[in-house]
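Engineer: Input: one structure, supplied below.
The values are calculated or read from the model by the stated rules, or taken from the named source; none is laboratory data. Source: prediction; values computed, not measured. With ideal geometry, Cβ positions are generated from the backbone for all residues, glycine too; neighbour counts draw on all protein chains shown. Note: accessible area is taken over every heavy atom of the protein model, side chains too, but ligands, DNA and RNA are not part of it. Shrake-Rupley method; radii C 1.70, N 1.55, O 1.52, S 1.80 Å.
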Amino acid sequence: MAMRVHPALVDTFGRAHTYLRIALTERCNLRCVYCMPEEGVPQRPREELLTLEEIHELARLFVRLGVRKIRLTGGEPLVRRGVEELVARLRAMPELETLAMTTNGLLLAEKLPALHRAGLDQLNISLDSFDPVKFSLIARRPGLERVLEGIELAIALGYRPRINCVVLRGINDDEVLDFVAFARTRPVEVRFIEYMPFEGNRWTTDRLVPYGELLERIGSVYRLEPLAGGPHDTAKRFRIPGFVGTIGFITSMTEHFCSTCNRLRLTADGHLKVCLFGPQEVSLRDALRAGASEEDLVALIDAAVKRKKAHHAGMEVLPHIPNRPMILIGG
Ligand code: SF4
């Protein structure tokens, strides 16, 4: 039976937004150079952030409207106290098909057993270098061993984690083949992410390694066989004969995938963001706290979704459009 999606989740281009990314916090235990400014971001007072109860309430509303996949992000979602209970409550919604999380993996070894018991379905784990020195250079803090330990535990618990690697020219692009090799014997999907501009991350095209170049580099060593993707996939996926794992590319800058976008974002301070790179936002937190009815909330969501643009503005323009630092969006 076709999935019923409320018209409020459908934009003027006919895209049904059935995937909600929820940021649980603005705090993180790393300081990655592509995610936040060197000086960090000012911490918003706790009362300005959604409570776990409010997150659950808004998530339930979006699922009633037709959202079928929720991804928990941050900052770093695992630093949010009560995340395990929230995962269990979200997982209890029968209509929700996939409950996923994107984490930097530092706390995974400690927290994953409980998250797994609570029903977490899918894991994306950020890893940008296998060299401890370079790891600390990119993340501005150490932690490589803990992340690798978390990845191995995820595999042991039966997850097929995606390993998200932001490729930075002159910093970690010399490790691209090491990342590919990581998928030879492990049931993981290594995803190379094109470096994207966000507030305060000093983005330049000089640091961007385009998808085409990555494909050429890897293709000169391995035979890459394209894999069929899902209707809303963000990654271009490939298999390599003889490999257990697969390879993917997130090409937001050089080959955007906006025409099939089904994603909405709820920030930790309760703003609905209809596009990762779009500055428009509406506060669902304020409406909720002002006692808005479900109807009022749906009208706010509808108006925001109907303002969504066909695609992002392109990498020449994006650095000049006001936006949040990535840590305050959740990627
Ligand atoms: S840039 Fe915006 S429209 Fe394009 S895929 Fe990302 S969220 Fe969707």
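Engineer: Please indicate, with yes or no, whether at least one residue in the range 232-254 is of a type outside the set (Asp, Glu), at pLDDT below 95 and open to solvent by 60 Å² or more (accessible area, probe 1.4 Å).
Structural biologist: yes
Engineer: Okay, next question. Starting from residues that are open to solvent by less than 50 Å² (accessible area, probe 1.4 Å) and outside any helix (DSSP H, G or I), keep the ones in the range 321-331 and report whichever is farthest from the ligand (Cβ to nearest atom). I'd like the intermediate steps shown before the answer.
Structural biologist: Taking the range 321-331 first, the residues open to solvent by less than 50 Å² (accessible area, probe 1.4 Å) are 321, 323-331.
Narrowing further to those that are outside any helix (DSSP H, G or I): 321, 323-325, 329-331.
Numbers: Ile321: 11, Asn323: 11, Arg324: 13, Pro325: 16, Ile329: 10, Gly330: 12, Gly331: 10 Å.
Here the answer is Pro325.
Engineer: Do you know which residues across the range 279-307 are closer than 30 Å to Thr251 by Cβ and open to solvent by less than 10 Å² (accessible area, probe 1.4 Å)?
Structural biologist: Within the range 279-307, Ile301, Ala304, Val305 qualify.
Engineer: For the range 150-172: of the residues being over 21 Å from the mean Cα position of the chain (by Cα) and crowded, with 16+ Cβ neighbours inside 10 Å, which is farthest from Asp131 (Cα to Cα)?
Structural biologist: Among residues in the range 150-172 that are over 21 Å from the mean Cα position of the chain (by Cα) and crowded, with 16+ Cβ neighbours inside 10 Å, the one farthest from Asp131 (Cα to Cα) is Arg169.
Engineer: If you don't mind, another one. Quick check: is even one residue across the range 138-148 open to solvent by 60 Å² or more (accessible area, probe 1.4 Å) and in contact with a Ser or Thr (Cβ under 6 Å, 6 or more places away or on another chain)? Write out each step before concluding.
Structural biologist: Here is the first cut: in the range 138-148, the residues open to solvent by 60 Å² or more (accessible area, probe 1.4 Å) are 140-142, 145-146.
The next check asks that each one be in contact with a Ser or Thr (Cβ under 6 Å, 6 or more places away or on another chain); those that pass are 142.
Yes: the range 138-148 contains one or more residues that are open to solvent by 60 Å² or more (accessible area, probe 1.4 Å) and in contact with a Ser or Thr (Cβ under 6 Å, 6 or more places away or on another chain).
Engineer: Inside the range 197-216, can you point out the residues that are under 15 Å from Leu177 (Cα atoms) and either out of contact with any Ser or Thr (no Cβ under 8 Å at 6 or more places or on another chain) or basic (Lys, Arg) (or both)?
Structural biologist: Across the range 197-216, the qualifying residues are Val209, Glu213, Leu214, Leu215, Glu216.
Engineer: Something else now. Using the structure shown, decide if Glu38 is closer than 30 Å to Asp128 by Cβ and open to solvent by 70 Å² or more (accessible area, probe 1.4 Å). It would help to see each step written out before you state the result.
Structural biologist: On the way: closer than 30 Å to Asp128 by Cβ: yes; open to solvent by 70 Å² or more (accessible area, probe 1.4 Å): yes.
Judged against the criteria, Glu38 is a match.
Engineer: State all residues of the range 116-135 that are among the hydroxyl-bearing types (Ser, Thr, Tyr) and either open to solvent by less than 10 Å² (accessible area, probe 1.4 Å) or in contact with a Leu (Cβ under 7 Å, 6 or more places away or on another chain) (or both); if no residue qualifies, say none.
Structural biologist: Residues of the range 116-135 among the hydroxyl-bearing types (Ser, Thr, Tyr): 126, 129.
Of everything in the range 116-135, just one residue is among the hydroxyl-bearing types (Ser, Thr, Tyr) and either open to solvent by less than 10 Å² (accessible area, probe 1.4 Å) or in contact with a Leu (Cβ under 7 Å, 6 or more places away or on another chain) (or both), namely Ser129.
Engineer: Hey, can you tell me all the residues within the range 87-102 that are under 25 Å from Leu148 (Cβ atoms) and open to solvent by 20 Å² or more (accessible area, probe 1.4 Å)?
Structural biologist: Step one: filter the range 87-102 for residues under 25 Å from Leu148 (Cβ atoms), giving 87, 99-102.
Residue satisfying the conditions is Thr102 alone.
Engineer: Here is a further query. Any residue at all in the range 257-272 that's open to solvent by less than 40 Å² (accessible area, probe 1.4 Å), within 21 Å of Gly229 (Cβ to Cβ), in contact (Cβ under 8 Å) with a residue 60 or more places away in the chain and out of contact with any strand residue (DSSP E or B) (no Cβ under 7 Å at 6 or more places or on another chain)?
Structural biologist: yes
Engineer: Is it the case, given these coordinates, that Gly105 is over 19 Å from Pro325 (Cα atoms), part of a loop (DSSP other than H, G, I, E, B) and either basic (Lys, Arg) or open to solvent by 30 Å² or more (accessible area, probe 1.4 Å) (or both)?
Structural biologist: On the way: over 19 Å from Pro325 (Cα atoms): yes; part of a loop (DSSP other than H, G, I, E, B): yes; either basic (Lys, Arg) or open to solvent by 30 Å² or more (accessible area, probe 1.4 Å) (or both): no.
The answer is no for Gly105.
Engineer: Tell me, which strands (runs of 3 or more DSSP E) wholly within the range 202-320 include 2 or more residues that are over 30 Å from Arg160 (Cβ atoms) and within 16 Å of the ligand (Cβ to nearest atom)? If you could, list the steps in order and put the result at the bottom.
Structural biologist: Numbers: elements: 235-239, 246-250, 263-266, 271-273.
Filter on the range 202-320 gives 271-273.
Engineer: Need the failing condition index for Glu213 against (1) touching a residue at least 24 places away in the same chain (Cβ under 8 Å); (2) among the charged types (D, E, K, R); (3) surrounded by fewer than 18 Cβ atoms within 10 Å (Cβ to Cβ), just the number.
Structural biologist: Every condition holds for Glu213 apart from (1).
Engineer: Select, from Gly66, Gly82, the only residue that is closer than 22 Å to Val305 by Cβ and either surrounded by 22 or more Cβ atoms within 10 Å (Cβ to Cβ) or at pLDDT 95 or above (or both). Step through it out loud before you land on a result.
Structural biologist: On the way: Gly82 fails: closer than 22 Å to Val305 by Cβ.
Going through Gly66, Gly82 in turn, the sole match is Gly66.
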